[in-house]
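Have a look at the structure below, then the notes.
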Amino acid sequence: SSLADCGTLIVAVIVLERPGPISATVSAVCPNGLQIQWTMSGNGGSDINNYTLRWGTNASSCTWNNITTSRVSDYDSLTQQGGSYPLTGLESGVQYCIEIKATNNIGSTEPYVFTKATFAVPDRPNVTVTSVSLYEPKQAIHWNVRSTGGTEILNYTVTWSKDPEFTSEDMAETLSMTLNLPGLTKGTMYYTRVYATNCLGSNVSTVESFLTRCYPGQPAQPSVILSDQSTKLMFK
């Protein structure tokens, strides 16, 4: 044959491999659960057949020795890009070890392993009371919470009463961490407490007490009256 009979053959070759690395995030499922969400960096050129998710409470080592684990495979909502799965029925405030891996026809990823504590109710608010005005019975309640329990605070509830048993009380809800108490009576002992609430429940502060005070108002319209024997300073 002649050189004219020669041609060029171009062949495209797709190299298949195991899926790429996984990354994951965690959010709250209330009560007592974790929502695991993960994404893939690539499927290795072959469709993902399944994901395997397992979890246990030996968070110190994550070796899965002598513990009960649970698995999720072929979950309906999983995609080639990743997935999401709720772990429910967990113990509140417990550290869990979680492992995720993806499998295609070539093999499985290196497992993505991490630890996460389940969420809990907020810590007790720490409360302080300050006076807002020298001349009116106005008090402000301030508080802070050391831990929100790992998920957002839905609201703070402030209650106050003249009765230390709170048989009758006034109440206000806020997302702020301070509140001016309205409608107080001067020269009166009050009791107050603050509830912090997230999706798992509430925790309440210790009861704080305060006495409203009301000093005399500022003197107004001063005037001076002079006479031969005395000088008088007058106020209204």
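Counting the residues of segment 145-177 that are open to solvent by 90 Å² or more (accessible area, probe 1.4 Å) and of a type in the set (D, E, K, R) gives 5.
Scanning segment 118-128 for residues that are surrounded by fewer than 17 Cβ atoms within 10 Å (Cβ to Cβ) and outside any loop (DSSP other than H, G, I, E, B) turns up 126, 128.
This table checks each residue for (1) at pLDDT 95 or above; (2) more than 22 Å from residue 140 (Cβ to Cβ); (3) among the aromatic types (Phe, Trp, Tyr).
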{"site": "184", "(1), (2), (3)": "no, no, no"}
{"site": "193", "(1), (2), (3)": "yes, no, no"}
{"site": "198", "(1), (2), (3)": "no, yes, no"}
{"site": "214", "(1), (2), (3)": "no, no, no"}
{"site": "219", "(1), (2), (3)": "no, yes, no"}
{"site": "226", "(1), (2), (3)": "no, yes, no"}
{"site": "229", "(1), (2), (3)": "no, yes, no"}
{"site": "232", "(1), (2), (3)": "no, yes, no"}
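Taking into account only those residues within segment 25-39 that are under 20 Å from residue 110 (Cβ atoms) and open to solvent by less than 30 Å² (accessible area, probe 1.4 Å), which is nearest to the chain's Cα centre (by Cα)? Looking at the filtered set, the residue picked out is 36. Selection over segment 143-183 of residues that are of a type outside the set (Val, Ile, Thr), under 18 Å from the mean Cα position of the chain (by Cα) and assigned to a strand (DSSP E or B) gives a count of 5.
Within segment 200-212, if we keep just the residues that are part of a loop (DSSP other than H, G, I, E, B) and of a type in the set (Ser, Thr, Tyr), the residue that is modelled with the lowest pLDDT turns out to be 212. Restricting attention to segment 130-144, which residues are modelled with pLDDT under 95 and open to solvent by 20 Å² or more (accessible area, probe 1.4 Å)? 130, 131, 132, 133, 134, 135, 136, 137, 138, listed by residue number.
Quick check, is residue 115 in a strand (DSSP E or B), of a type in the set (Ser, Thr, Tyr) and without any contact (Cβ under 8 Å) to a residue 40 or more places away in the chain? Spelling it out, it is not the case that residue 115 is in a strand (DSSP E or B), of a type in the set (Ser, Thr, Tyr) and without any contact (Cβ under 8 Å) to a residue 40 or more places away in the chain. Of the residues that make up segment 80-100, is at least one in contact with a Leu (Cβ under 6 Å, 6 or more places away or on another chain), assigned to a loop (DSSP other than H, G, I, E, B) and at pLDDT 85 or above? No, segment 80-100 contains no residue that is in contact with a Leu (Cβ under 6 Å, 6 or more places away or on another chain), assigned to a loop (DSSP other than H, G, I, E, B) and at pLDDT 85 or above.
The values are calculated or read from the model by the stated rules, or taken from the named source; none is laboratory data. Worth saying up front: this structure is predicted, and the values here are computed from it rather than measured. Ideal geometry is used to build each Cβ from the backbone, glycine not excepted, and the neighbour counts take in all protein chains shown. The area values use the complete protein model at the heavy-atom level, side chains included, leaving out ligands, DNA and RNA. Shrake-Rupley method; radii C 1.70, N 1.55, O 1.52, S 1.80 Å.
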